[in-house]
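Report on one structure; see the data block that follows.
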Amino acid sequence: MFEATPQHDDLHDAFPAGLPESIRKNPSDVGLQRAQGAGRVVLSGSMNGTRVSDVHQRFPIRIMFPQIGDGVVREAVIVNASGGIAGGDRLELEVIALNKASVVVTSQAAEKVYRALDRPARIATRLKAHEAARLAWLPQETILFDRARIYRRTEVDLCSGAELMALEWLVLGRAARGEEMVSGHIADTWRVRRDGRLIWADGFHVADEVFAQLHRKALLANCRAVGTLIYFGPAHEARLQVLREIAPSLECQCAATAVGALIIVRFAAGAGSDLRRGLGILLEQFGRELGRGPFRVPKMWSC
């Protein structure tokens, strides 16, 4: 797997002959080449397992379907061909799981959000699980570099009878490389609806002046990696208890609670690697509780 740098991560790379006068005086993401990507996939159940009914993709987003197992559970892999996200980029993703589909959707690699000049990157994810569908949204981590600016919105539409697990996790600089996010802007929101009715709303918001305070115990303490996982499905009270039994064994901080028909699990760790290990253990153990299906560590996580 390769790692690439966005085409205009550095203004001097974008303008090798020298910066235009207008950009030198007023640095802005406006006027630089920025991504306008989109991806949409529809999956449905069939006699032979889960099949892909429809795919739409617009550069730099690509959706791949590696052949894994017997096809009963499909794995879809989101690829950002630009190598990262810069200020002013806009990405839209939609996954629709129809009746009896069983699918896990993940990303090819950790997504990287690079420093912005003055515009945020905007990411919109829409997940829809129809009756009897089983959908797992389990992307790899989103790594934020210093001065990154991101607005991310995850919307989930559920039908009674569906089963869903959805995860999003952020790493505020890679601890192993001595990186630290000391300024920027993060707005990460969730909206979950069941049969058209809003049942849960959540947001994580950090602005420039707050980063200097994140080390306080009332905020993130020494944690640079945070995540949220939601689960909707049958026997959620018993499964909440299972998650609470798993939590103390993880190499990260973890707590689970119920909000109506949803289970909400929060994670925090000092480094992204610690959170990855904790999530891997939780998904393997909780996946066994849920039986055969998409709720396991995606194969792409180990590639």
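In region 33-53, is there at least one residue being under 20 Å from Asp157 (Cβ atoms) and either loosely packed, with under 14 Cβ neighbours inside 10 Å or at pLDDT below 90 (or both)?
Start the filter on region 33-53 by keeping residues that are under 20 Å from Asp157 (Cβ atoms), which leaves 38-45, 50, 52-53.
Filter again for either loosely packed, with under 14 Cβ neighbours inside 10 Å or at pLDDT below 90 (or both), leaving 53.
Yes, some residue in region 33-53 is under 20 Å from Asp157 (Cβ atoms) and either loosely packed, with under 14 Cβ neighbours inside 10 Å or at pLDDT below 90 (or both).
Kindly list the number of the only condition in (1) closer than 20 Å to Ser302 by Cβ; (2) part of a loop (DSSP other than H, G, I, E, B); (3) hydrophobic (A, V, I, L, M, F, W, C) that fails for Ala132.
The single condition Ala132 does not satisfy is (1).
Can you name every residue in region 135-159 that is in contact with an Asp or Glu (Cβ under 8 Å, 6 or more places away or on another chain) and in a loop (DSSP other than H, G, I, E, B)?
Correct list: Pro139, Gln140, Glu141, Phe145, Asp146, Cys159.
Just to be sure I understand the filter: pairs with C-beta atoms under 8 Å, separated by 6 or more residues or on different chains, first member in region 213-238 and loosely packed, with under 11 Cβ neighbours inside 10 Å and modelled with pLDDT of 90 or more, second member assigned to a strand (DSSP E or B) and among the hydrophobic types (A, V, I, L, M, F, W, C). Which pairs pass?
Correct list of pairs: Glu237/Ala258.
Starting from region 189-201, keep only residues that are on the phi < 0 side of the Ramachandran plot and surrounded by 16 or more Cβ atoms within 10 Å (Cβ to Cβ), then list their pairs with residues that are of a type in the set (Phe, Trp, Tyr) and in a strand (DSSP E or B) whose Cβ atoms are within a distance under 6 Å, requiring at least 6 positions of separation or different chains.
Val192/Trp200
Just give me the residues in region 63-83 being closer than 21 Å to Tyr151 by Cα, surrounded by 14 or more Cβ atoms within 10 Å (Cβ to Cβ) and modelled with pLDDT of 95 or more, in sequence order. Explain how you work it out, then say what you get.
First, the residues of region 63-83 that are closer than 21 Å to Tyr151 by Cα: 78-83.
Among the residues that remain, those that are also surrounded by 14 or more Cβ atoms within 10 Å (Cβ to Cβ) are: 78-80, 82-83.
Those that are closer than 21 Å to Tyr151 by Cα, surrounded by 14 or more Cβ atoms within 10 Å (Cβ to Cβ) and modelled with pLDDT of 95 or more: Ile78, Val79, Asn80.
Only residues that are polar (S, T, N, Q) and in contact (Cβ under 8 Å) with a residue 24 or more places away in the chain: list them for region 256-291, please. Steps first, please.
So the first thing to find is which residues in region 256-291 are polar (S, T, N, Q), and the list is 257, 273, 285.
If the condition is that a residue be polar (S, T, N, Q) and in contact (Cβ under 8 Å) with a residue 24 or more places away in the chain, then Ser273, Gln285 are the ones that fit.
If I go through region 258-303 residue by residue, how many of them are buried (at least 17 other Cβ atoms within 10 Å of the Cβ), among the basic types (Lys, Arg) and more than 19 Å from Thr142 (Cα to Cα)?
1
Where residues in region 110-161 are under 18 Å from the mean Cα position of the chain (by Cα) and of a type in the set (Asp, Glu), which of them is nearest to His236 (Cα to Cα)?
Asp157
Do we have Glu94 as at pLDDT 90 or above, of a type outside the set (Val, Ile, Thr), surrounded by 15 or more Cβ atoms within 10 Å (Cβ to Cβ) and out of contact with any Pro (no Cβ under 8 Å at 6 or more places or on another chain) here?
Details: at pLDDT 90 or above: yes; of a type outside the set (Val, Ile, Thr): yes; surrounded by 15 or more Cβ atoms within 10 Å (Cβ to Cβ): yes; out of contact with any Pro (no Cβ under 8 Å at 6 or more places or on another chain): yes.
For Glu94, the condition - at pLDDT 90 or above, of a type outside the set (Val, Ile, Thr), surrounded by 15 or more Cβ atoms within 10 Å (Cβ to Cβ) and out of contact with any Pro (no Cβ under 8 Å at 6 or more places or on another chain) - is met.
What residue, among those in region 112-143 that are at pLDDT 95 or above and among the basic types (Lys, Arg), is nearest to Asp208 (Cα to Cα)?
Arg122
Can you pull out the residues in region 224-242 that are among the acidic types (Asp, Glu) and closer than 23 Å to Ala110 by Cβ? Before the answer, list the steps.
First, pick out the residues of region 224-242 that are among the acidic types (Asp, Glu): 237.
None; the set is empty.
Across region 248-257, what is the total count of residues that are of a type in the set (A, V, I, L, M) and either exposed (fewer than 14 other Cβ atoms within 10 Å of the Cβ) or within 15 Å of Arg288 (Cα to Cα) (or both)? So that I can check it myself, show each step before the final result.
Step one: of region 248-257, the residues of a type in the set (A, V, I, L, M) are 250, 255-256.
This time we only want the ones that are either exposed (fewer than 14 other Cβ atoms within 10 Å of the Cβ) or within 15 Å of Arg288 (Cα to Cα) (or both), so: 255.
So the answer is 1.
Can Asp70 be described as over 30 Å from Arg193 (Cα atoms) and acidic (Asp, Glu)?
Details: over 30 Å from Arg193 (Cα atoms): yes; acidic (Asp, Glu): yes.
Yes.
The values are calculated or read from the model by the stated rules, or taken from the named source; none is laboratory data. Since the structure is predicted, the reported quantities are computational estimates derived from the model, not experimental observations. Every residue, glycine among them, receives a Cβ derived from its backbone with ideal geometry; neighbour counts consider all protein chains shown.
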